[in-house]
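To start, the structure under review is shown below, and the notes come after it.
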Amino acid sequence: MKVNEIFYSLQGEGYYTGHPAVFLRLSGCNLSCPFCDTKHQTYTEMTDDQIVKHISQYPARHIVITGGEPGLQLTSAFIHLLHAHNWYVQVETNGITPIPDNADWITCSPKTPLTHLIQDTRLTHTDHHGQKPIDSNDSNPSDRSILCAPSATSDMTDAFRHSGHTRIDELKLLFLNDGSDHQRATRYSHIPARRYSLQPLDTGNLTHNQTILTACISYIQSHPHWTLSLQTHKLLNIP
Ligand code: SF4
């Protein structure tokens with residue numbers, strides 16, 4: 001597999017927030033989100049056995065396979081191998097490629113075109129794991145933003161429906177506070193999952209972030225099948 005990085009930290013977001021976990025970030029993605037923090041061209045080719053040997057140095061047995069898009073490389077045989085070594089396997093996906101059914105927990109963070117929001121050049125990546133500010137030297141970020149979805153006008157729920165996914169455990173959606181949240185949350189609520197999480201968008205501006213957080217909390221209180229997901233690794237300043 002093409003491995004971008006392996007590191008040990010705490011799961012910062014979603015249902016398993018606070019759990020110590022080894023992160024296996026794979027290179028390569030089927031989308032090109034303008035806010036992406038993964039250097040997809042940078043990777044080390046590793047065999048399944050080499051990965052298992054490498055991660056065994058850590059005491060935890062929770063692995064988070066993230067990306068890039070793990071569905072492009074992840075096999076059921078590799079998950080079987082991890083299970084044989086007592087790993088609990090969580091996979092984070094953008095939802096457009098199927099994930100092997102033997103994963104223990106599948107977190108789907110569907111991507112949303114953010115054209116109007118990336119005009120703020122301090123918008124930061126808020127899905128998958130790890131963030132960094134968007135390149136403020138990007139001369140025309142809005143042109144690239146349409147690459148975030150399979151097409152500029154496509155509905156990501158349609159892409160999801162045709163992806164071949166048979167199961168999602170957690171649906172984690174960005175809360176943008178741009179007037180579209182209720183419409184998007186309602187649309188994604190039709191995708192079966194065990195947990196529905198809303199994660200306030202990080203704009204890089206504390207005042208703006210507080211406004212989004214307050215609106216997100218208010219929305220969840222009014223729509224209690226959603227739960228709040230915070231990027232605690234950012235608050236704690238850990239990887
Ligand atoms: S789906 Fe995730 S990994 Fe892929 S380009 Fe978008 S942010 Fe990057």
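Around Ser197, which amide H atoms from residues at least 5 apart in sequence, or from another chain, sit under 5 Å from its own amide H, with H modelled in the peptide plane?
Amide H to amide H, under 5 Å and 5 or more residues apart or across chains, Ser197 pairs with Leu171, Lys172, Leu173, Thr227.
Show me, bin by bin at 5 Å from 0, the whole-percent P(r) of segment 185-239 based on Cα pairs.
Whole-percent P(r) values from 0 Å outward: 4, 17, 25, 23, 16, 11, 4.
Averaged across orientations, what area in nm² does the convex hull of the alpha carbons in segment 27-68 project?
Average projection, Cα convex hull of segment 27-68: 3.9 nm².
The numbers here are math on the coordinates, done by the rules we state, and not lab data. A quick note: this is a predicted structure, and the numbers were derived from the prediction, not measured.
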